[in-house]
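Worksheet: one structure, shown below.
The values are calculated or read from the model by the stated rules, or taken from the named source; none is laboratory data. On a predicted model such as this, the values are computed, not experimentally measured, just so you know. As a convention, Cβ positions derive from the backbone with ideal geometry for all residues, glycine included, and neighbour counts pool all protein chains shown.
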C-alpha cells in the first residue's frame, strides 16, 4: 500500500525579482533541498487525461476535488521515474505513486497500459482501469526549474518554480532538448508552501505572505492553454 500524507498547499505568483530576494532570505533560515545543485533542479512532468479532458475541466472549473495523473522525472535522471496520482481537496490534498523503469514508461507513451494490470501495486492497477474506462492517455509535458527548501518544524517545504514551459510532443518526454513554449510571462514564477502538520509563525513573515494574493493556477492547466 502507498502511504498517504495529507498536506496543506498555498500557492502564489511572484516576479523574478521576488524570487531573487526569496532565495536569499530562505537560504539563510531553511535548508536547501538535498537534491539538485544547492536545492535547484529541473522537473519534467508528463500529464495524463481522459478522452474528455476531465482533469483539465476540473482544474478550470475549480472543482472541490481534483485528480491528476502524471509521470515525473528530475534532472533527467532515468533511474528515478515516478508515476503519480495527485488529489487536491480544497486547500490540501495528497499524492501516491510508484516507480517505473524507462522501458515501462516508453510503453505508456505509446498507449500500452496492459502491463499495469498485473502489478502488485493497487495504484498501478487503478491506472490501468482508468485507461480502460476513461481512455486515459498522455497529453502534454510541462518542465520548469525548481528551487526547494525544507523546514522540519511542521514538515514544511517551500518551492519556487521558474521558466515554466510546455510541449505537446509527449513521445519526446525523455529528450533533454525537448524545450517547449513558455506558459507564463518571462518575469513570472510560482511560489508554493506545503506543510503536513502546521505552519510555523516565522514562515509567513519570511516569505511575505501578507503582501501576496493566493492563486489556484495549475501548471497542467497552464500547459494545456495552447492546445
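Being surrounded by 15 or more Cβ atoms within 10 Å (Cβ to Cβ), under 21 Å from residue 44 (Cβ atoms) and touching a strand residue (DSSP E or B) at 6+ places or on another chain (Cβ under 6 Å) is the requirement here; does residue 127 meet it?
Working: surrounded by 15 or more Cβ atoms within 10 Å (Cβ to Cβ): yes; under 21 Å from residue 44 (Cβ atoms): yes; touching a strand residue (DSSP E or B) at 6+ places or on another chain (Cβ under 6 Å): no.
So residue 127 fails the test.
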What are the residues in the stretch 2-52 that are more than 18 Å from the chain's Cα centre (by Cα) and at positive phi, if any?
38
When you check residue 94 against the structure, is it touching a residue at least 60 places away in the same chain (Cβ under 8 Å), more than 18 Å from residue 168 (Cβ to Cβ) and in a strand (DSSP E or B), yes or no?
yes
Name the residues in the stretch 79-88 that are surrounded by 13 or more Cβ atoms within 10 Å (Cβ to Cβ) and either over 26 Å from residue 218 (Cα atoms) or touching a residue at least 24 places away in the same chain (Cβ under 8 Å) (or both), would you?
81, 83, 85, 88
For the stretch 199-227, how many residues are touching a helix residue (DSSP H, G or I) at 6+ places or on another chain (Cβ under 7 Å), modelled with pLDDT of 90 or more and either exposed (fewer than 11 other Cβ atoms within 10 Å of the Cβ) or within 14 Å of residue 164 (Cα to Cα) (or both)?
3
Expected output for the stretch 48-69 (first residue free of Cβ contacts under 8 Å to residues at least 12 places away in the same chain, partner surrounded by 15 or more Cβ atoms within 10 Å (Cβ to Cβ) and part of a helix (DSSP H, G or I), Cβ below 7 Å, 6+ apart or cross-chain) is none
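Within the bounds of the stretch 146-153, is there any residue that is more than 30 Å from residue 17 (Cβ to Cβ) and in contact with a strand residue (DSSP E or B) (Cβ under 6 Å, 6 or more places away or on another chain)? Walk me through how you get there before you give the answer.
Taking the stretch 146-153 as the starting set, the residues that turn out to be more than 30 Å from residue 17 (Cβ to Cβ) are none.
No; the residues of the stretch 146-153 include none that is more than 30 Å from residue 17 (Cβ to Cβ) and in contact with a strand residue (DSSP E or B) (Cβ under 6 Å, 6 or more places away or on another chain).
Could you tell me whether the stretch 34-46 includes any residue that is within 27 Å of residue 126 (Cβ to Cβ) and touching a helix residue (DSSP H, G or I) at 6+ places or on another chain (Cβ under 7 Å)? Quick ask: steps written out before the conclusion?
Looking only at the stretch 34-46, we keep the residues that are within 27 Å of residue 126 (Cβ to Cβ), and these are 43-46.
Filter once more, keeping what is touching a helix residue (DSSP H, G or I) at 6+ places or on another chain (Cβ under 7 Å): 46.
Among the residues of the stretch 34-46, at least one is within 27 Å of residue 126 (Cβ to Cβ) and touching a helix residue (DSSP H, G or I) at 6+ places or on another chain (Cβ under 7 Å), which makes the answer yes.
To keep it simple, each residue is scored yes or no on (1) modelled with pLDDT of 95 or more; (2) under 23 Å from residue 178 (Cβ atoms); (3) in contact with a strand residue (DSSP E or B) (Cβ under 9 Å, 6 or more places away or on another chain).
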{"position": "50", "(1), (2), (3)": "yes, no, yes"}
{"position": "58", "(1), (2), (3)": "no, no, yes"}
{"position": "62", "(1), (2), (3)": "no, no, no"}
{"position": "78", "(1), (2), (3)": "yes, yes, no"}
{"position": "102", "(1), (2), (3)": "yes, yes, yes"}
